[in-house]
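Working notes, structure below.
The values are calculated or read from the model by the stated rules, or taken from the named source; none is laboratory data. Given the structure is predicted, the values throughout are model-derived calculations rather than measurements. All Cβ positions, even for glycine, are placed from backbone atoms using ideal geometry, and neighbour counts span all protein chains on display.
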Amino acid sequence: MSVCSIVAAQDSNGLLGASADAKTGEQGRASGQSAAATASSYAPRTTKAADYTGRPLDEAEMDVRSAGHTAVNHDAADESRTIILRSSWIVCFQHADADAKTIDFAAVRNSEPCTGKDGEPIPWPTMPDVVGATYNTAIKDLKQAGIDLDRVTLDDASRPRSHARKATSAAHFERTVMVVR
């Protein structure tokens, strides 16, 4: 005769996990344990919700809903913006409510950096002052500030605007204007 005890528990995300123990009748009786005592001696094993940080908001919400949970969202920044086009937002934080089986996603737009904490201002990089700097110095300062150089053009102030070059070119102009788009 076998005794099988199963312990089920809900984790903080509302997901179920279980652990099982099987003993033969002789082993259970020899140790003097009942099925209830055996069940209480084992810690429940729980399953954690997936981490959706860095994923597109629409995909994260779809995964959560397909698991039978409710997904809600809000602006992770201190701006309280309404999220309309969820595919244009990235998950920065998630908060689970096990009782309500809900995961609340805090997100920012794709082009924005995540905040340090939910509800803080967006930490935009500070644009370095490159006015009057040489090309090489300006490029170095922009790189150090984390500016995407693909979005920077180099214009010679003595040429018409139609002759703009990518900032990654090796050209050096005495009078230059850098434009970030």
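When the range 52-104 is limited to residues that are in a strand (DSSP E or B) and of a type in the set (D, E, K, R), the one that is farthest from residue 118 (Cα to Cα) turns out to be 97. Selection within the range 121-154: residues that are farther than 25 Å from residue 92 by Cβ and of a type in the set (Asp, Glu). The member of this set that is surrounded by the fewest Cβ atoms within 10 Å (Cβ to Cβ) is 129.
Close Cβ contacts (under 7 Å, 6 or more residues apart or on different chains) running from residues in the range 114-137 that are under 30 Å from residue 74 (Cα atoms) and in the same structural domain as residue 56 (by TED's automatic domain parsing) to residues that are of a type outside the set (A, V, I, L, M) and outside any loop (DSSP other than H, G, I, E, B) comprise 114/92; 115/92; 118/93. Looking only at the range 64-82, residues that are in contact with a strand residue (DSSP E or B) (Cβ under 7 Å, 6 or more places away or on another chain) and either farther than 19 Å from residue 54 by Cα or surrounded by fewer than 16 Cβ atoms within 10 Å (Cβ to Cβ) (or both) come to 6 in all.
Counting residues in the range 109-117 that are polar (S, T, N, Q) and buried (at least 16 other Cβ atoms within 10 Å of the Cβ) gives one or more. Going by the conditions given, is residue 132 at pLDDT below 90 and out of contact with any strand residue (DSSP E or B) (no Cβ under 7 Å at 6 or more places or on another chain)? Judged against the criteria, residue 132 is a match. Within the set 159, 181, 175, 165, the sole residue that is modelled with pLDDT under 80, touching a helix residue (DSSP H, G or I) at 6+ places or on another chain (Cβ under 6 Å) and of a type in the set (Lys, Arg) turns out to be 181.
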